[in-house]
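In what follows, a structure is listed as structure tokens, so that the remarks can point back to it.
The values are calculated or read from the model by the stated rules, or taken from the named source; none is laboratory data. As the structure is a prediction and not an experimental result, all values here were calculated from the model. Don't worry about glycine lacking a Cβ; one is built from the backbone with ideal geometry, like all the others, and counts go over all protein chains shown.
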């Protein structure tokens, strides 16, 4: 306690130096917290968009469908899958889909794309297709030849809401399938490739024209607790008995997961470089301030103060300054993280680049996680105090007579 009182007196006696130290450490603490929050928030946003726009948290397919996506590896008894999913406690909602590739033909242009039969009412709970509507109307379960298509696909085919187009494809039994569709609605998710190739019809109509009654390419499942998608997939696999396979988004979107992991590694490497820079900045500043007080240290040693006592006094002073900066920087950085979590940063000038990373909009929220903020505060505290130890030990090792005559 005595050393703390001495440290407080020294801090008050050298107000300008103490203020500069506090401002330097506060600024770096706030910057570190905000940088971490922004990096984590951007990754969470990327994953959330990529999962919720269409792929979903859990998919159920034939066990061979991922390796050999053909009409021979469909779900040929969709009713049995419905029975399993409807009685699984971790399932909030589910729906069947049937995806196939067809050739769309407008008045003067033909384009290949993906035609998918969906259950429109259930799909509202599972994806953002309905909320991505930009013109016309979303599908109903009872719609016949009504088409809901991507904005870029409509632009390529030069069709609008109310126009007709045709499609040609292969039915589930390998028969020839073709019909004329009426464009009911156009959606825009912001994912260029998806908007340029995807179109949807009600599954009831799809099953009739494609000979796919009670068939599905996959089921999409929404967990009651989305972060526990892996646990739900494992639970479903125990009930599916091997013929069918439930996989979470971490498996179905493994490429994106790996990309986020690599980006996180580079992000933390960047933060590590920032740590090193901060460490040496504080180290150099502390070196200058400690050696500016060399005469004071010499006088204390000449009066009989032990080196260990001087060390405790100077470290206490450093710790008090770091503690004040630690709290102030945490409040500032945490407040910024909280504010931009509620009000995401919008990068309108980079919207096209964001689309390439699976973001529907260039709005990036920060992650507000109190434990992560506290971790960064503790790291900065240890970094700040640790960077002062070497200068203090070196100054404390100088002989009293040399310290007294130090200029």
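In the range 40-74, which residues are in contact with a helix residue (DSSP H, G or I) (Cβ under 9 Å, 6 or more places away or on another chain) and farther than 21 Å from residue 226 by Cα? Those that are in contact with a helix residue (DSSP H, G or I) (Cβ under 9 Å, 6 or more places away or on another chain) and farther than 21 Å from residue 226 by Cα: 62, 63, 64, 65, 66, 67. With respect to the conditions (1) surrounded by fewer than 20 Cβ atoms within 10 Å (Cβ to Cβ); (2) touching a strand residue (DSSP E or B) at 6+ places or on another chain (Cβ under 9 Å), residue 215 falls short on a single one, namely (1).
All of (1) at pLDDT 75 or above; (2) more than 21 Å from residue 35 (Cβ to Cβ) hold for residue 345 with one exception: (2). Taking the criterion of being surrounded by 13 or more Cβ atoms within 10 Å (Cβ to Cβ) and either assigned to a helix (DSSP H, G or I) or out of contact with any strand residue (DSSP E or B) (no Cβ under 6 Å at 6 or more places or on another chain) (or both), the residues of the range 246-259 that qualify are 249, 250, 251, 252, 253, 256, 257, 259. The strands (runs of 3 or more DSSP E) found wholly in the range 145-233 and carrying at least 1 residues that are more than 30 Å from residue 84 (Cα to Cα) and in contact with a helix residue (DSSP H, G or I) (Cβ under 8 Å, 6 or more places away or on another chain) occupy 146-150, 164-170, 176-187.
Just one of (1) over 29 Å from residue 49 (Cβ atoms); (2) at pLDDT below 80 fails for residue 362. It is (1). The residues in the range 260-270 that are over 11 Å from the mean Cα position of the chain (by Cα) and surrounded by 15 or more Cβ atoms within 10 Å (Cβ to Cβ) can be counted, and the count is 1.
Residue-wise test of (1) modelled with pLDDT of 90 or more; (2) outside any helix (DSSP H, G or I).
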site: 20; (1), (2): no, no
site: 25; (1), (2): no, no
site: 32; (1), (2): no, no
site: 39; (1), (2): no, no
site: 72; (1), (2): no, no
site: 111; (1), (2): yes, yes
site: 124; (1), (2): yes, no
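Of all residues in the range 143-172, which are closer than 21 Å to residue 207 by Cα and free of Cβ contacts under 8 Å to residues at least 40 places away in the same chain? Hit for the range 143-172 is 164, nothing else.
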